[in-house]
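First the structure, in the form of C-alpha cells, and then the observations on it.
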Amino acid sequence: MKELYFEINNEGMTSGSVAYDLSAFAAPVPERKPRTEQQPRRRTAAKPKEKAKTGVPLFAVFGSIVCVVLMSMVVSTCAQLNEINNAIVTQRAELSRLQDEAGDMAERYNTTVNLEEVERYATEELGMVYAGNEQTVYLDLSGEDQVRAYSEGSMLSRLKGIFG
C-alpha cells in the first residue's frame, strides 16, 4: 500500500508529485486604506507633582499583624500538643503499673483459696457429708406435656387470671 506524504511549503501542499493550490481556501486579506492627514497632538496641562509617600502601606501593616497572630497560634498549638502527649505517656505508664498490680493481686487471691482446705474444714469442722444413694431423688418425666391456650380477652386480663 502506498503511503501518502504531504509537504507544506510557501506555495501550497504537495502529496508526492501532486501539488495543491490552497489559495482558494484562504481568507481574504482586507485592503489597507491610506492614511489621511494626522491630527495634531494635543498637549495636556502639566500636573503638579505630588509628594512621594514615604509611609508604610496599611495593607503591609495589616498583613504583618495577621502573620504574627497566626504564627503565635501555631506555636501555642504545638505547645498544647506537646503537653497532651506528655500527659498521655504518663497515663499509659500509670495504666501499665495498675495492670501489673491487678495481676499480682489476682494471683495472691488465687493462691490464698485452697479448695482442699475448704473441703477439709467443711467435712471435719462443720459436719458436711456427701450425698448417698438413698438421698438421690429421680423424677419421672415420661408423661405427656400439657399446654393451656387462652384465646379470649386481652393480654392484661389473661395475666390477671394467671397471677390472681
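Bear in mind that the values in this text are calculations on the coordinates, not laboratory data. Worth saying up front: this structure is predicted, and the values here are computed from it rather than measured. Cβ coordinates were reconstructed from backbone atoms using ideal geometry, including for glycine residues, and neighbour counts include every protein chain displayed.
Observations on the model:
- Modelled FRET efficiency - R0 25 Å, Ala79 with Gln99, Cβ distances, 0.05 increments: 0.20
- Theoretical gain in end-to-end length, Gln146 to Asn114 [0.36 nm per residue, Cα-Cα removed]: 6.8 nm
- Overall form of the stretch 59-112: prolate. Here a/c, set by the Cα gyration tensor axes a ≥ b ≥ c, is 1.5 or more, and a/b is the larger of a/b and b/c.
- Whole-Hz couplings from phi, Karplus 6.51/-1.76/1.60, listed for the stretch 120-126; x for Gly and Pro: 4, 5, 5, 7, 7, 7, 9
- The stretch 94-163: C-alpha gyration tensor shape, a/c 1.5 cut-off, then a/b vs b/c: oblate
- Cβ-placed point charges (K, R +1; D, E -1), dipole of the stretch 62-154 about Cα centre in debye, nearest 20: 1000 debye
- Annotation: extensible slack from Gln135 through Asn86 equals 11.0 nm (criterion: 0.36 nm per residue apart, minus Cα-Cα distance).
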